[in-house]
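What follows is a set of notes on a single structure, which appears directly below.
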Ligand code: ARG
């Protein structure tokens with residue numbers, strides 16, 4: 001009973017199960033560094049403002065430093081009866097330095113304290129995730145650059161459509177991850193606002209200096225409404241939303257790697273280090289890593305929905321419901337960081353089967369559009385050209401021929417506007433390299449985009 005920092009108005013001890021049920025120390029202990037960092041700056045501010053004495057502040061800060069060390073050395077005993085990280089640290093502080101430790105919580109509440117801790121924590125994680133995204137993007141660029149001559153089939157409806165450079169296909173993901181990075185950079189601005197000083201909900205009667213605290217902790221500024229400061233979790237939801245898009249991108253790439261490494265496609269070989277075998281079928285090598293990442297996308301979407309539902313209809317300001325914000329947020333961060341890390345390594349080691357890709361790219365009349373474009377350049381309206389080529393393809397199907405195999409006589413059955421030079425336009429390389437507008441798959445365009453991408457990563 002005497003353990004509880006809020007026990008004053010209670011006459012009965014907390015039910016043992018309720019104590020465990022309501023505690024968050026099991027998971028919020030991961031915030032310890034930020035909790036101590038925030039408390040240290042808070043104590044300094046209290047002394048600067050003459051709210052506590054300089055000597056008291058020094059004892060408090062030394063105590064906090066000792067606690068940080070205890071935790072990092074694994075010597076700190078986290079206790080359920082002390083409920084959460086805030087009270088675990090504060091109770092230990094009082095244990096270490098005596099009643100003066102009780103001055104730390106002046107002009108503060110756990111409500112603004114936890115809001116501060118999550119923002120500090122998420123800010124660091126955002127930076128780490130951006131670094132991980134860069135590593136993945138850099139692996140994609142290396143793959144693209146190292147295989148610049150490889151042609152693969154481009155698909156629509158998963159049917160062979162037009163040949164594209166493998167590098168071009170990979171750069172599509174580079175673009176997605178660039179947008180993911182931009183989203184993180186943008187939401188970071190809203191994470192990086194300092195909520196401490198809101199107190200429990202209404203502000204504080206002490207002459208605190210919030211701007212100084214914000215500055216010391218590297219925030220862009222303070223929050224401007226105390227009720228909002230303690231009840232805003234938008235920033236965490238925004239992050240989970242950006243994380244969901246990131247996982248969506250990773251799951252699309254996963255799906256392609258799974259297809260490409262199947263015997264039917266046989267486009268790539270994933271390193272053994274990222275696959276496992278079957279306990280019954282000796283021939284199997286399963287693409288577990290991309291499958292798992294594809295699967296983990298579900299929990300990240302789930303976390304987003306959990307947080308949205310958690311916050312829906314909550315009255316202002318703090319409610320205990322909000323303690324439930326942490327696990328979905330932490331799980332999202334762990335999942336994203338793990339997925340990005342394993343993907344960067346897997347992409348770096350991925351082997352391409354260029355011959356298999358080229359073979360597949362030639363199937364399915366993939367250069368038919370190039371024939372239509374040829375006729376358009378001869379003056380034929382595109383719709384009519386489409387019809388002519390459609391008939392040509394039907395002829396090829398019926399006679400078991402491929403477009404590049406047609407003789408001039410055969411071509412001219414379909415249009416007198418086709419000359420012998422058609423042969424120069426229907427090869428895979430010609431088809432790819434004709435698409436030179438910005439963002440197209442031509443060798444020259446892709447080289448430019450790789451250079452642009454490298455510059456982006458260097459920033
Ligand atoms: N453990 C709490 C949480 O995570 C900290 C804030 C508790 N505040 C309170 N008045 N019970 O939300």
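The values are calculated or read from the model by the stated rules, or taken from the named source; none is laboratory data. Owing to the predicted nature of the structure, the values given are computational and were not obtained by experimental measurement. Please note: Cβ atoms are built from the backbone with ideal geometry, for glycine as well, and neighbour counts cover all protein chains shown.
Assorted remarks:
- Among the residues of the stretch 321-359, the ones that are farther than 30 Å from residue 22 by Cβ, within 23 Å of the chain's Cα centre (by Cα) and in a helix (DSSP H, G or I) come to 10 in all.
- Number of residues in the stretch 240-269 that are part of a loop (DSSP other than H, G, I, E, B) and touching a strand residue (DSSP E or B) at 6+ places or on another chain (Cβ under 8 Å) equals 2.
- From the list 279, 261, 306, 254, the lone residue that is surrounded by 13 or more Cβ atoms within 10 Å (Cβ to Cβ), without any contact (Cβ under 8 Å) to a residue 40 or more places away in the chain and more than 16 Å from the ligand (Cβ to nearest atom) is 261.
- Close pairs from the stretch 24-41: first within 11 Å of residue 78 (Cα to Cα), partner away from the ligand (no atom under 13 Å from the Cβ) and in a helix (DSSP H, G or I), Cβ under 9 Å, at least 6 apart: 26/20; 29/71; 32/67; 32/68; 32/71; 32/72
- Test: residue 203 is free of Cβ contacts under 8 Å to residues at least 12 places away in the same chain and either within 16 Å of the ligand (Cβ to nearest atom) or farther than 22 Å from residue 240 by Cβ (or both): no
Let's see how each residue does on (1) closer than 20 Å to residue 247 by Cβ; (2) surrounded by fewer than 17 Cβ atoms within 10 Å (Cβ to Cβ); (3) in contact with a strand residue (DSSP E or B) (Cβ under 9 Å, 6 or more places away or on another chain):
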position: 120; (1), (2), (3): no, no, no
position: 124; (1), (2), (3): no, yes, no
position: 129; (1), (2), (3): yes, no, no
position: 134; (1), (2), (3): yes, no, no
position: 142; (1), (2), (3): no, yes, no
position: 146; (1), (2), (3): no, yes, yes
position: 149; (1), (2), (3): no, yes, yes
position: 153; (1), (2), (3): no, no, yes
position: 161; (1), (2), (3): no, yes, yes
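- From the list 126, 104, 116, 133, the one residue that fits, being touching a residue at least 24 places away in the same chain (Cβ under 8 Å), more than 14 Å from the ligand (Cβ to nearest atom) and more than 13 Å from residue 184 (Cα to Cα), is 104.
- Look at (1) closer than 15 Å to residue 109 by Cα; (2) in contact (Cβ under 8 Å) with a residue 40 or more places away in the chain and you find that residue 19 fails only one, number (1).
- Of the residues screened, residue 313 is one that is away from the ligand (no atom under 16 Å from the Cβ), at pLDDT 95 or above and either surrounded by fewer than 17 Cβ atoms within 10 Å (Cβ to Cβ) or closer than 25 Å to residue 84 by Cα (or both).
- Single condition residue 362 does not satisfy, out of (1) within 16 Å of the ligand (Cβ to nearest atom); (2) in contact (Cβ under 8 Å) with a residue 24 or more places away in the chain: (1)
- Within the stretch 314-340, residues that are without any contact (Cβ under 8 Å) to a residue 24 or more places away in the chain have Cβ atoms under 7 Å from residues that are in a helix (DSSP H, G or I) and surrounded by 15 or more Cβ atoms within 10 Å (Cβ to Cβ) in these pairs: 321/310; 324/310, counting only partners at least 6 apart in sequence or on another chain.
- The set of residues from the stretch 418-435 being touching a residue at least 24 places away in the same chain (Cβ under 8 Å) and either part of a helix (DSSP H, G or I) or farther than 19 Å from residue 394 by Cβ (or both) comprises 422, 425, 427, 428, 429, 430, 431, 432, 434.
Quick grid of which residues meet (1) assigned to a loop (DSSP other than H, G, I, E, B); (2) modelled with pLDDT of 95 or more; (3) exposed (fewer than 15 other Cβ atoms within 10 Å of the Cβ):
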site: 189; (1), (2), (3): no, yes, yes
site: 197; (1), (2), (3): yes, yes, no
site: 200; (1), (2), (3): yes, yes, no
site: 203; (1), (2), (3): yes, yes, no
site: 215; (1), (2), (3): no, yes, no
site: 219; (1), (2), (3): yes, yes, no
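- Filtered residue count, the stretch 407-424, keeping only those that are buried (at least 17 other Cβ atoms within 10 Å of the Cβ) and under 30 Å from residue 167 (Cβ atoms): 1
- Scanning the stretch 321-356 for residues that are farther than 22 Å from residue 295 by Cα and within 16 Å of the ligand (Cβ to nearest atom) turns up 321, 322, 323, 324, 325.
- Members of the stretch 369-387 that are buried (at least 17 other Cβ atoms within 10 Å of the Cβ) and more than 45 Å from the chain's Cα centre (by Cα): 375, 380
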